[in-house]
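> Quick one: the structure is below, questions incoming.
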Amino acid sequence: MHKIARLSAFLMAACLCQAVAQDMCPQYLLDSAMTVNIEGRFINAQKSRASLDIEWRHHPEALDTFFVNFPKREAIMFVTAGDSRYEVFSQQKVKRQLGLHHLRDNIGNTPLKLDDLELLANGLFMCRDSSKSQKIFSTAFSNMWYSMVVDTLPRPEKVVMRGARKEARTFTIGAWKDFSGTMLPTLVSLTGPNYSGSLWVRSAYPIIKQKGDPIVENAQKNPFRRPLLFRKTLVDGKREIPLILKLNQELLRE
């Protein structure tokens, strides 16, 4: 039994080391500060109509903010810095700190998840089988979606995402459009196991960098936003030894 425990710990540690060794493959829709307005219309899992409007303010080296409005529900604001996130309810003015497990939550009564906004903002994926005809990526920091498969890069027409509870969904991109030098998918159909819908990028334009911009100034003052960050996720400096590696070390000493 003791040998089995040692072997299991060793195999788990080997898998973890292999995952850490994988190259990061960030897939960003936006590489510059922009505001993007998105409309979504869905038939949700309850077979009722649902819709939302999203104003996405993207800052590559600082916070990303999503203002989400619903027809008959309280609006929310979702803010992510990559390593932390929170949401604010418009009427109550209540600030709710969010952990990774909260990213599985639906946005209102739509089939979209908070993790969808997180991945839009940070675009963090690990390389896997990128030499094949289908480009397969595993999400590096996600609690909902584990993999993303695209038919071609850099402008796919079909994207399949798989995640928790064996959930899978497909995005079919009807068109790409140039917005001030940035190509974005403008008409996207969404299908899942018990829902469907469409997403439309209504407009997108650069955010003009203003003198005294508090978001930019805050990012510059914070030493952990430079130079230890690769975009918004820490990739340098001291790291704690993962628990499984500690366990493996203890077992090997015996």
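The values are calculated or read from the model by the stated rules, or taken from the named source; none is laboratory data. Because the structure is predicted, anything quoted here is derived from the model rather than measured. With ideal geometry, Cβ positions are generated from the backbone for all residues, glycine too; neighbour counts draw on all protein chains shown. Just the protein is used for accessible areas: all its heavy atoms, side chains included, with ligands, DNA and RNA removed. Shrake-Rupley method; radii C 1.70, N 1.55, O 1.52, S 1.80 Å.
> Cβ neighbours within 10 Å, averaged per peptide: list 143-155, 111-123 in order, most packed at the top. Before the final figure, lay out the partial values.
Working: 143-155: 16.1, 111-123: 23.1.
Per-residue Cβ counts within 10 Å, averaged per peptide and sorted highest first, yield 111-123, 143-155.
> If one computes the Cα centroid of segment 85-105 and of segment 145-185, what distance in Å separates the two points?
Segment 85-105 and segment 145-185 have Cα centres separated by 26 Å.
> For segment 163-202, with all protein chains present and a 1.4 Å probe, just round the carbon and sulfur fraction of the accessible area to a whole percent.
Details: 1140 of 2070 Å².
The value for segment 163-202 is 55 percent carbon and sulfur by accessible area.
> Taking R0 as 35 Å, what's the FRET efficiency between ARG202 and LYS166 from their Cβ-Cβ distance, rounded to 0.05? Numbers along the way, then the final one.
Details: r = 33 Å, r/R0 = 0.95.
Step by step, r from the Cβ atoms, then E = 0.60.
> What does the extension gain come out to for GLU157 and ASP178, with contour length at 0.36 nm per residue minus their alpha carbon separation?
Values: separation 21, 0.36 × 21 = 7.56 nm, distance 1.58 nm.
Here the answer is 6.0 nm.
> Return the subset of LYS72/LYS95; LYS47/LYS177; LYS47/LYS113; LYS72/LYS93; LYS47/LYS166; LYS95/LYS158 for which the Cα-Cα distance in this structure is over 27 Å, preserving the input order. Provide the component values of the computation, followed by the final result.
On the way: LYS72/LYS95 21 Å; LYS47/LYS177 31 Å; LYS47/LYS113 17 Å; LYS72/LYS93 18 Å; LYS47/LYS166 21 Å; LYS95/LYS158 36 Å.
Long pairs (Cα-Cα over 27 Å): LYS47/LYS177; LYS95/LYS158.
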